[in-house]
Amino acid sequence: MTQPDPTTGAGADEARPDTDEVYLVVRNDEEQYSIWRADREVPAGWHPEGRRGGRQECLDHIGEIWTDMRPLSLRRRLAGADA
């Protein structure tokens, strides 16, 4: 199964920043973000977040909204330890 790669913005062989392809911002259940080409089926475990556009536009959006890189399960675990 191919999963989004946040370091390249798509499957490693699919990242082509010099094109006008449309991408989706996707998020998994751990609230981790990536982008995926809009003309491809979103992989299992990932869900469209609602933003679509050019590659850099989507990456910039992720940079603005993904301020805590820790997986959701870790954040919850740490929050429970503080209680």
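Between ASP60 and LEU78, full extension at 0.36 nm per residue minus the direct alpha carbon distance yields a gain of 3.7 nm.
Taking the Cα atoms of region 23-68, the ratio Rg/Rh between the radius of gyration and the Kirkwood radius comes to 0.93.
If you take all other residues with their beta carbon under 15 Å from the beta carbon of GLU64, and give Lys and Arg +1 and Asp and Glu -1, the sum is -3.
Accessible surface computed residue by residue for region 23-68, with neighbouring protein chains in place and a 1.4 Å probe, gives 55 Å² per residue. Net charge dipole, region 23-68: roughly 280 debye, given to the nearest 20, about the Cα centre with Cβ charges of +1 for Lys and Arg and -1 for Asp and Glu.
Between the residues ILE35, TYR23, HIS47, the greatest Cα displacement towards the positive end of the dipole of region 23-68, with unit charges on the Cβ of Lys, Arg, Asp and Glu, is found for TYR23.
The values are calculated or read from the model by the stated rules, or taken from the named source; none is laboratory data. Quick caveat, the model's predicted, so the values are computed rather than measured. Counting neighbours? That spans all protein chains shown, and the Cβs are built from the backbone with ideal geometry, glycine included. For the accessible areas, the whole protein counts, side chains as well, though only heavy atoms, and no ligand, DNA or RNA atoms are used. Shrake-Rupley method; radii C 1.70, N 1.55, O 1.52, S 1.80 Å.
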